[in-house]
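What follows is a single structure, written as structure tokens, with notes after it.
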Amino acid sequence: MSSRVTPLTQLVERLTGDDDSRLCRDISDEACREQPGNFVRHLLAALGNKLADELSNARLILPWLMGAIGAPVWMVGLLVPIREAGALLPQLLIAGYIRLRAVRKWVWVLGGIVQAVGALALALLALFGQGSWAGALVLVALTGLSLGRGLSSVATKDVLGKTIAKQRRGTLMGWSAGIAGALTLLVGAAFVLLGNHPGAAAIAVLLLAAAAGWLLNALCAALIHEAPGATDGGANAWESVKEGLGLMRRDRRFLHFNLARALLLSSALALPYLALLGQQNSGTDLTSLGILIVTSGLAGMVAGPIWGRLADRSSRRVMRTSAVGAALCCLAGAACGLLPASIRESVWPYAAVYGLLMIAHAGIRLGRKTYVVDLADSDTRALYVAFSNTFTGIVMLILGLVLGGLAQWLGSAGLLLILALLGAAAAVSAHALAEVET
């Protein structure tokens, strides 16, 4: 192994806080030699992906798009389930396909391109769409985008596990989240300054930028140096389901992780209801949207690198701490309805709680991503990730339908109280998980 120190290795060592980026765990010597360059490529790819995710956010941006084109209100309720479950449910089929490929980054590249095309279609609908037909096409484009996300999700984690050593993966994801948060902050600030003037054109610009982010993601993925891996173990979807269920029975840590992850969905499900509370009380203008985007960007910029570094030490503790924070934020969001009218009818209290909940949600996402990658080995990682995501997609659809019905009866504030209880249960479950970083 080469011992030559280059500016690239020095950069990676500075980002990770390690004295020697050429010392590796859990990857081959060849991957270790390529790690500094691959770290930067992964970082830029993840940055493009995270920025694109923020700029096409189904919890904020796409509801505003639906309102701008005059789509029926009931279609807005389908955005988050399609965005999340559409990406998660097909992943066992994708995992079986990926395991037949010796070099898996090209599946990642395909996923990035599909997402870019979906974002471009959404941008065109923002400019030229109107009414129910445009709303239906938004859902179609979002479905395609979500399927592309599913392709990338499994492949990204598998390639990450092959090319980046243990105890550096969470740091990498944390830095990308932090930088993407800073860029999102600038976008939101521009919206606040422009107020109501941009209209649908502003949403189109955001979605075009999202398409560019996914093209950057695909380009950087294509440039990653990935050594060919084993191709045995490929299976069709049903065989993968049986194998995944078998893993849940044999590996109690994997079973426990999936149960904890299901409870941790409370943070993701709470965000749109909190945003809805703010929208109902402060209005739907772009200034309010800009303030929420700024809040989201600040949260990502601050939380990402910190959670990433902590996840490399103990992703279990990150999930537990974040779940406690999410439960408290849900309680605070519900309590906003008790504020005096002059404060309650401003976007600021909701934006403050939304930002804190985003910080907790970022920790949950980074913690569970790092946990499942570190729990598995190179032979089982793709199946672990895919089965966990498919299981979570099913749970999300069920919870989404149940909570949607409860929201009609209890209202957003009442639903946040239920989600606070789920967050507390998630914290208890995450606390009991086994450590996988030691």
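The values are calculated or read from the model by the stated rules, or taken from the named source; none is laboratory data. Note that the coordinates shown come from a computational prediction; the quantities given were computed from them, not determined experimentally. Heads up, the Cβs are rebuilt from the backbone with ideal geometry, glycines too, and the neighbour counts pull from every protein chain shown. Protein only, heavy atoms only, side chains kept; ligands, DNA and RNA dropped before computing areas. Shrake-Rupley method; radii C 1.70, N 1.55, O 1.52, S 1.80 Å.
Brief remarks on what is shown
- From the Kirkwood radius over Cα pairs of the range 247-354, Stokes-Einstein at 20 °C and 1.002 mPa s returns a whole-number translational diffusion coefficient of 137 µm²/s.
- Working from label points 7 Å from Cα in the Cα-to-Cβ sense, the ARG252 to LEU219 distance is 5.0 nm.
- Solvent-accessible area per residue for the range 97-174 (1.4 angstrom probe, square angstrom): 33
- Vicinal HN-Hα couplings computed from phi for the range 59-68 (Karplus, 6.51 cos²θ - 1.76 cosθ + 1.60; Hz; Gly/Pro x): 8, 10, 5, 5, x, 5, 4, 4, x, 5
- Span from the the range 246-267 Cα centroid across to the the range 117-177 one, whole angstrom: 24
- Alpha-carbon radius of gyration plus Dmax, which is the widest Cα pair, for the range 328-438 in Å: 17.4, 58
- A viscosity of 0.890 mPa s and a temperature of 25 °C, combined with the Kirkwood radius over C-alpha pairs in the Stokes-Einstein formula, give the range 337-395 a diffusion coefficient of 171 µm²/s.
- Karplus (6.51, -1.76, 1.60) ³J(HN,Hα), θ = phi - 60°, over the range 381-394, in Hz, Gly and Pro reported as x: 4, 4, 5, 4, 5, 5, 5, 4, 5, 5, 4, 5, x, 5
- When the range 292-347 is reduced to its Cα atoms, the Kirkwood hydrodynamic radius in Å: 13.3
- Under 20 Å from LYS50, Cα to Cα: lysines that are on another chain or at least 8 residues apart: LYS105, LYS157, LYS369
- Cα centroid separation - the range 288-305 against the range 357-386, whole Å: 22
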